[in-house]
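Asker: Structure below; questions to follow.
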Amino acid sequence: MADFIKPKRRYIVMYLAIPVALFIFAVIVPLFEAFYFSFFKWSGGPNKTFTELANFTTLLNDRLFWQAFSHNIFLVAACVAGQIGLAFVFVMIINAKEVKFKDLHSTLTFFPSTISAVAIGMVWRIIFDYRYGLLNHIFGVLGMSDMQKIWLNEASSIMVVVSIPLIWQYIGYYMIILFSAITTIDKEIYEVAELDGAGPVKRAVHITLPLIKNTILVCLTLCIAGNMKAFDHIYVMTSGGPGSSSNVMAMYGYITSFVQSNMGYGSAISMGIFILSLLIIGITQLGVNKLTKEAA
C-alpha cells in the first residue's frame, strides 16, 4: 500500500522542475549577474571596463549609501516593533476566550496586505498632504492647528511618516502567520499556567513566545528582508526627499543604475544590500535564540 501511494521520483522531479527553473532564472541568475557587473564600470551599453574592486571601495566610502542604510535600519526597527510586535499583541487579544468572530478579525486585518504597495503609498500621501490631507483636516476640526505640519517635507520626522504605511499594511500579514502558530499550542498548557496564577503577560512571554520561536524567526526574516529592500511606498510618497532624508538603499541603487546610468556601481549597491541584509538577519536570529532561551 505504501509503495502504491508513494510518488515515483521522476514525477517529483517533473513537478519541481518548472518552479525550480523559474526560481533559478528569476533569483539566482540575476544575483550572479549583479555580482559580475559590480566589477565593471558600465553604463548599460555594449562596452564595459573592468575596474576590479573599485566599485566596492567607492561603496565603503559612500556617505549617501550609508545614510540610506541607516534609514533602512530605522525601517527595520520600526517595522519589527510595529508589524510583528503589534501583530503579536493583537493575536493574543483575539485569541482570548472572550473574543468572538476570530476569523472575521483575522480577515479584516489581513485585507490591507493584499493591496498594491503603490496604491497604499498614494493613499497615505493624500492623507499626509499639507493642504488637502485628512490628518491636517482632523487637527483643524479639533482646533489643534498647531499640530498641522507639512508632513512629507519635514526632514526630522520623515522616516517616522514613511514607516506608518508600511506598519499599517503588514500587521495583518504577520497576524495570520502568528495566529496559525499559536493555534497549534495545546490549550491545556495555558489552563495549567492559569491555575498556577500566571497572568496573560506571563503566559505570553514564558509560554507562547518560546513555543512559537521558529515562527517568530520566520517573521523576523521576512520583515528584515522586506524592509532592507523597501522601495515602493517611499518612492511614491517622497521619492527619497526632502533632499535625501528618506532615501533608502534600494532607491539609491535605482537612481544610480537607471537615472545616472551607472549600472556597474548600481550592481555593487545591490550586492551591498544583499550582504548587509544577510548580516542583519543572522545577528537577529542569534539574538532571538538567546532571548527565548532566557525567557524559557
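Asker: Quick one: net charge of Tyr15's neighbours, Cβ under 13 Å, K/R +1, D/E -1?
Answerer: Working: positive: Lys8, Arg9, Arg10; negative: none.
Here the charged neighbours net out to +3.
Asker: What percent does the relative contact order of the stretch 42-178 come to when contacts are Cα pairs within less than 8 Å and at least six residues apart? Before the final figure, lay out each step's value.
Answerer: On the way: 102 pairs, mean separation 46.3, N = 137.
Relative contact order for the stretch 42-178 comes out at 34 percent.
Asker: Please report the relative contact order for the stretch 155-296, taking Cα pairs under 8 Å with a sequence separation of at least 6, and give it as a percent rounded to a whole number. The partial results should precede the final answer.
Answerer: On the way: 97 pairs, mean separation 40.2, N = 142.
For the stretch 155-296, the relative contact order is 28 percent.
Asker: Whole-Hz ³J(HN,Hα) for each residue in the stretch 217-223, computed from phi via Karplus 6.51 cos²θ - 1.76 cosθ + 1.60 with θ = phi - 60°, x for glycine and proline: what do you get?
Answerer: Residue by residue, the stretch 217-223 yields 5, 5, 4, 5, 4, 5, 5 Hz.
Asker: Shifting gears a bit: Spelling out what I want: for every residue of the stretch 23-31, take phi, set θ = phi - 60°, compute 6.51 cos²θ - 1.76 cosθ + 1.60 (Karplus), and round to whole Hz; glycine and proline get x.
Answerer: For the stretch 23-31, the Karplus curve yields 4, 4, 5, 8, 10, 5, 4, x, 5 Hz.
Asker: Counting only residues 5 or more places away or on other chains, whose amide H sits under 5 Å from the amide H of Ser244 once H atoms are built in the peptide plane?
Answerer: none
Asker: Return the label of the correct value of P(r) over Cα pairs in 10 Å bins from 0, in percent, as calculated from the structure shown, out of (1) 6, 28, 35, 22, 8, 2, 0; (2) 6, 27, 37, 25, 5, 0; (3) 6, 20, 25, 24, 17, 6, 2, 0.
Answerer: Among (1) 6, 28, 35, 22, 8, 2, 0; (2) 6, 27, 37, 25, 5, 0; (3) 6, 20, 25, 24, 17, 6, 2, 0, the one derived from this structure is (3).
Asker: Let me ask something else about it. Counting helices only, and only those DSSP H runs with n ≥ 4, report the 222 nm mean residue ellipticity of the chain as the sum of -39,500 (n - 2.57) divided by its residues, in deg cm²/dmol to the nearest 500. Mind dumping the intermediate values first?
Answerer: Working: 16 runs with 188 residues, N = 296.
Here the helix-only value at 222 nm equals -19500 deg cm²/dmol.
Asker: Sorted by average packing, counted as other Cβ atoms within 10 angstrom per residue and highest first, what order do 85-95, 140-150 take? Don't skip to the end; give the middle numbers.
Answerer: On the way: 85-95: 18.1, 140-150: 10.9.
Listed from highest to lowest mean packing, they are 85-95, 140-150.
Asker: Which value in nm describes the separation of the simple spin-label points at Leu278 and Lys97, placed 7 Å from the Cα toward the beta carbon?
Answerer: Using points 7 Å along Cα→Cβ, the separation is 5.0 nm.
Asker: On to the next question. Check which residues have an amide H placed less than 5 Å from Phe40's amide H, if you skip close sequence neighbours.
Answerer: Thr51
Asker: Now, a different point. Say R0 is 51 Å: what FRET efficiency, to the nearest 0.05, do Phe25 and Asn153 get from their beta-carbon distance? Please report the intermediate quantities before stating the final value.
Answerer: Details: r = 42 Å, r/R0 = 0.82.
So the FRET efficiency works out to roughly 0.75.
Quick note: the coordinates plus some simple rules give every number you see, no bench work behind them. The structure displayed is predicted, hence computed values, not measured ones. Positions of Cβ are generated from backbone atoms using ideal geometry, with glycine treated the same way; all protein chains shown enter the neighbour counts.
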